[in-house]
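Novice: This structure is in structure tokens; I'll ask about it shortly.
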Amino acid sequence: MAQEEEGNGTASRCSGRNGDSESRWSLQGMTALVTGGTKGIGHAIVEELARLGATVYTCSRNQAELNECLKDWKSKGFRVAGSACDVSSESEREKLMLIVSSVFDGKLNILINNVGTNTLKPTLDYTAEDFSFIMTTNFESAYHMSQLAHPLLKASGAGSIVFLSSVCGVVSVNVGSIYSATKATE
Ligand SMILES: NC(=O)c1ccc[n+]([C@@H]2O[C@H](COP(=O)([O-])OP(=O)(O)OC[C@H]3O[C@@H](n4cnc5c(N)ncnc54)[C@H](OP(=O)(O)O)[C@@H]3O)[C@@H](O)[C@H]2O)c1
């Protein structure tokens, strides 16, 4: 852009192309909610969205770890806020979405249903509690988070939902039958 202002025709065309590419990938002005942003893939997603210009809200169950991440993101100049939430709990999901709605003025562009867990056992050894824990954390939470986010996504005029799937939902991989079922359905 600076080169354009200097009136260099060639530089101006190059700069224009760069500008197009930058704006194509820009998330300036966008808001995003990423569940489970303190570790692994969720952490990387928070940083990528923030780097592209989005304002991000995230959560995890561990407030101390979340605070460390928020401090680090602030030092990097990213616009990221967050609060503790166990997304497998209905009341905590509802509370989270009320906070997100208040922080983002009722509008959300991107919901990333990232939280996922697993307990690796042979299929015959899974208990009813194992089944419930994995299904609730991976599948039920993402389903209800999407329902809760729907009015905010609609209000933004450009809403997207991303579900973190896995290759084990498509082909047989030895990572546990319940986990694979939760990923196949996404
Ligand atoms: N890693 C892989 O190779 C892989 C491959 C394919 C798909 N995936 C999918 O990608 C997603 C992320 O996987 P990952 O390996 O990056 O996971 P991870 O490293 O275990 O991180 C999970 C994140 O979610 C948070 N979390 C877990 N349970 C939560 C809950 N009930 N409520 C709120 N936050 C919760 C964790 O923080 P706290 O524990 O502090 O709450 C953490 O920030 C999952 O959906 C997974 O199935 C992963």
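The values are calculated or read from the model by the stated rules, or taken from the named source; none is laboratory data. These figures come from a predicted structure and were not determined experimentally. Please note: Cβ atoms are built from the backbone with ideal geometry, for glycine as well, and neighbour counts cover all protein chains shown.
Novice: Could you please let me know if GLU140 is within 22 Å of ALA84 (Cβ to Cβ), acidic (Asp, Glu) and not in a strand (DSSP E or B)? Spell out the reasoning first.
Specialist: Values: within 22 Å of ALA84 (Cβ to Cβ): yes; acidic (Asp, Glu): yes; not in a strand (DSSP E or B): yes.
Yes; evaluated as a whole, the condition is true for this residue.
Novice: Criterion first (within 17 Å of ASN62 (Cα to Cα) and part of a helix (DSSP H, G or I)) does LEU124 satisfy it?
Specialist: It is false that LEU124 is within 17 Å of ASN62 (Cα to Cα) and part of a helix (DSSP H, G or I).
Novice: Restricting the search to the stretch 66-95, which residues are outside any loop (DSSP other than H, G, I, E, B) and among the basic types (Lys, Arg)?
Specialist: LYS71, LYS74, ARG93, LYS95, listed by residue number.
Novice: Which pairs turn up if I take residues in the stretch 44-65 that are more than 13 Å from ILE110 (Cα to Cα) and within 13 Å of the ligand (Cβ to nearest atom) and look for partners that are part of a loop (DSSP other than H, G, I, E, B) and among the small types (Gly, Ala, Ser) with beta carbon separation below 8 Å, at least 6 apart in sequence or on another chain?
Specialist: CYS59/GLY36; CYS59/GLY37; SER60/GLY36; SER60/GLY37
Novice: Please go through the stretch 141-176 and give me each residue that is closer than 23 Å to ARG93 by Cβ and of a type in the set (Ser, Thr, Tyr), ordered by number.
Specialist: If the condition is that a residue be closer than 23 Å to ARG93 by Cβ and of a type in the set (Ser, Thr, Tyr), then SER141, TYR143, SER146, SER156, SER160, SER165, SER166 are the ones that fit.
Novice: Ok, one more. Out of all the residues in the stretch 158-180, which are small (Gly, Ala, Ser) and touching a residue at least 12 places away in the same chain (Cβ under 8 Å)?
Specialist: Hits for the stretch 158-180 are ALA158, GLY159, SER160, SER165, SER166, GLY169, GLY176, SER177, SER180.
Novice: Considering only the stretch 164-186, state which residues are in a loop (DSSP other than H, G, I, E, B) and either modelled with pLDDT of 90 or more or more than 9 Å from the ligand (Cβ to nearest atom) (or both).
Specialist: Let us first name the residues in the stretch 164-186 that are in a loop (DSSP other than H, G, I, E, B), namely 164-166, 170-176, 185-186.
Answer for the stretch 164-186, where residues must be in a loop (DSSP other than H, G, I, E, B) and either modelled with pLDDT of 90 or more or more than 9 Å from the ligand (Cβ to nearest atom) (or both): LEU164, SER165, SER166, VAL170, VAL171, SER172, VAL173, ASN174, VAL175, GLY176, THR185.
Novice: Any residue in the stretch 128-143 that is in contact (Cβ under 8 Å) with a residue 12 or more places away in the chain sitting within a Cβ distance under 8 Å of a residue that is loosely packed, with under 15 Cβ neighbours inside 10 Å and outside any helix (DSSP H, G or I)? List the pairs, counting only those 6 or more apart or interchain.
Specialist: ASP130/LYS121; PHE133/THR117; ILE134/THR117; THR137/THR117; ASN138/THR117; PHE139/THR185
Novice: How about the stretch 99-155: which of its residues are more than 13 Å from the ligand (Cβ to nearest atom), of a type in the set (Val, Ile, Thr) and touching a helix residue (DSSP H, G or I) at 6+ places or on another chain (Cβ under 6 Å)?
Specialist: Going residue by residue through the stretch 99-155, those that are more than 13 Å from the ligand (Cβ to nearest atom) are 99-111, 121-131, 143, 146-155.
The next check asks that each one be of a type in the set (Val, Ile, Thr); those that pass are 99-100, 103, 110, 123, 127.
If the condition is that a residue be more than 13 Å from the ligand (Cβ to nearest atom), of a type in the set (Val, Ile, Thr) and touching a helix residue (DSSP H, G or I) at 6+ places or on another chain (Cβ under 6 Å), then THR123 is the only one that fits.
Novice: Could you check the stretch 88-98 and list, in sequence order, the residues that are crowded, with 17+ Cβ neighbours inside 10 Å and either more than 13 Å from the ligand (Cβ to nearest atom) or of a type in the set (Ser, Thr, Tyr) (or both)?
Specialist: Those that are crowded, with 17+ Cβ neighbours inside 10 Å and either more than 13 Å from the ligand (Cβ to nearest atom) or of a type in the set (Ser, Thr, Tyr) (or both): SER88, MET97.
Novice: Moving to a separate point now. Within the stretch 171-186, track down each residue that is of a type in the set (A, V, I, L, M) and touching a helix residue (DSSP H, G or I) at 6+ places or on another chain (Cβ under 7 Å).
Specialist: Of the stretch 171-186, the ones of a type in the set (A, V, I, L, M) are 171, 173, 175, 178, 181, 184.
Answer for the stretch 171-186, where residues must be of a type in the set (A, V, I, L, M) and touching a helix residue (DSSP H, G or I) at 6+ places or on another chain (Cβ under 7 Å): VAL173, VAL175, ILE178, ALA184.
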